[in-house]
Amino acid sequence: MKRERVQIELGDRSYPILIGQDLLTDADLIASSVEARSVLIVTNTTVGPLYAGRLKQSLKDRRVAELALPDGEQHKTLESIGRIIDALVDARMNRDAAVIALGGGVIGDMAGFAAACYQRGIDYIQVPTTLLSQVDSSVGGKTGVNHPKAKNMIGAFHQPRCVIADTSTLSTLSDREYRAGIAEVVKYGLIYDRPFFDWLESNADAFAAREPTAVIYAVRRSCEIKARIVAADEREHGIRALLNLGHTFGHAIETASGYGNWLHGEAVAAGMVMAADMSSRLGWLSAQDRDRATRLLTAFGLSTVPPRIGATEALGLMGMDKKVLDGRVRLVLLREIGNAEVVGDYPKAALDATLQHHFG
């Protein structure tokens, strides 16, 4: 089956995203993608038994150490970063070593942050094994961990040397995790690419069933869109914030519910419905486009109804979001499918009504 390549253009920090089936067992591809002679594979107790052996076999001419962390968003903490750094020290890794993140978004974010901190920065390679991480979190260099009171509050921008997205690994992903990744794919159509949104509507059954051709196309197109946005705004001073459609609402859901009870993609799906609703309340987004967005997310089996955490608590949690400037919560809102804006100047009544309607 055809393999795809998407390039992230960031000058001397540019790197490829390699997409296709059975990449982990392609020793030549791994050898050409991983320059370091000493590597630490950071994975978790779910993914490690499935795929670490395959990766090690392709790295057989390297010095390899491995660390398997507990699985779950609740372990995305500074304590886990300490464990990764301990493993690097114990393995006597130097500045010419590299960290390989083998897992989903939690592992990728933590491994990348540890690599950014260790000896003031060493290389890392993303090997994402979930749909969400293949289309979103492994690309763009955002790394970090959660604070108990706010998601992703501690971290750094640190670009990987490459991303190896082996879509074969999605065969072992639970239905719930796979659906959560689909939410981020839908996001790209909503913020940037109406024809891609149309394709998702037309190919929903094939994509939901993990048909390989549909999966590879969806991953590639998502990465192409993110590549363009990241190349234009690496550190999120402008257009990159569009990638956060639904995330400000979604992060409030994750934090209030306890990390891991709502998967990130699940919370983002509900958050995107809230963003579409608020956009419609402002008279920006047509009711037809609002309802199309909700129908597509529902068709993929995603909940569009957030937990009733209360409007006041939700607003307080949103106030800790990284997009807040001068005390104003900036939101990504929709003008139409494929056209989004980052907005800080909006009638507070529209936000209050949206929060009250959805959060209670």
**Point-to-point label distance, Ile154-Glu336, nm (Cα→Cβ direction, 7 Å offset)** = 4.6
**Asked** Under a point spin-label approximation (7 Å from Cα along Cα-to-Cβ), what is the Leu50-Gln288 distance to one decimal in nm?
**Response** 4.1
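If you wrap a convex hull around the Cα atoms of segment 205-287, how much volume per residue is inside, in Å³?
On the way: hull volume 12.1 nm³, N = 83.
Convex hull of Cα atoms, per residue: 145 Å³.
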**Request:** Please work out the Cα convex hull volume for the chain and give it in Å³ per residue.
**Result:** 118
**Complete:** Gyration tensor on Cα atoms of segment 33-105, a ≥ b ≥ c root eigenvalues, a/c under 1.5 rounded, else prolate if a/b beats b/c, else oblate, says oblate
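If R0 is 41 Å, what FRET efficiency do you get for Arg63 and Ala232 from their C-beta distance, rounded to 0.05?
E between Arg63 and Ala232, to the nearest 0.05, is 0.60.
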**Range of Cα positions in segment 286-360 per principal axis (Å), largest first** = 37, 28, 22
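Would you mind checking the pairs Lys60/Lys226; Lys149/Lys348; Lys76/Lys226 and listing those with alpha carbons more than 26 angstrom apart?
Numbers: Lys60/Lys226 33 Å; Lys149/Lys348 24 Å; Lys76/Lys226 24 Å.
Result: Lys60/Lys226 exceed 26 Å.
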**Item:** Inter-label distance, nm, simple model (7 Å from Cα along the C-beta direction), Glu201/Ser171
**Value:** 3.4
**Request:** Name the shape class, rounded, prolate or oblate, that the alpha-carbon gyration tensor gives for segment 145-277, where a ≥ b ≥ c are the square roots of its eigenvalues, rounded holds for a/c under 1.5, and otherwise prolate holds if a/b is larger than b/c and oblate otherwise.
**Result:** rounded
**Complete:** Percent relative contact order for segment 1-68, counting Cα pairs under 8 Å at least six residues apart, stands at 30
**Message:** Would segment 95-142 count as rounded, prolate or oblate if I go by the C-alpha gyration tensor, calling it rounded below 1.5 in a/c and otherwise prolate when a/b exceeds b/c, oblate otherwise?
**Reply:** prolate
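Report the chymotrypsin sites (Phe, Trp or Tyr not before Pro) located in segment 259-355 that are in a DSSP loop and have at most 16 other Cβ atoms inside 10 Å of their Cβ, or state none.
For chymotrypsin sites (Phe, Trp or Tyr not before Pro) across segment 259-355 that sit outside H, G, I, E and B with at most 16 neighbouring Cβ atoms in 10 Å, the list is empty.
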**Item:** Projected-area mean, segment 100-183, by convex hull of Cα positions, square nanometres
**Value:** 5.5
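What number, in nm² with one decimal, is the all-direction average of the projected area of the convex hull of the alpha-carbon atoms of segment 4-170?
Mean projected area for segment 4-170: 8.6 nm², to one decimal.
For Cα pairs less than 8 Å apart in space and 6+ apart in sequence, what is the mean separation divided by the residue count of segment 4-170, i.e. the relative contact order in percent? Let's see the in-between values first.
Details: 348 pairs, mean separation 42.6, N = 167.
Once normalised by length, the contact order is 26 percent.
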**Message:** Taking the Cα of Asp345, stepping 7 Å toward and past its beta carbon, and measuring to each backbone N in segment 267-298: which are under 19 Å?
**Reply:** 279, 282-285
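Kindly work out what percent of the DSSP beta bridges joining two residues of the chain are antiparallel, to the nearest 5.
Numbers: 16 of 39 bridges.
Rounded to the nearest five, the antiparallel share is 40 percent.
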**Prompt:** With no solvent and one point per C-alpha, what does the Debye sum give as log10 I(q)/I(0) for segment 175-359 at q = 0.10, 0.16 Å⁻¹?
**Reply:** -0.36, -0.96
**Complete:** Most fluctuating of Ile164, Ile154, Ile41 in the GNM of the chain (C-alpha, under 10 Å) is Ile154
**Asked** So what is the relative contact order of the chain, in percent, for Cα pairs below 8 Å that sit 6 or more residues apart?
**Response** 15
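Throughout, read-outs are computed from the coordinates displayed, never taken from laboratory work. Note that this is a predicted model, so its numbers are computed, not measured. Please note: Cβ atoms are built from the backbone with ideal geometry, for glycine as well, and neighbour counts cover all protein chains shown.
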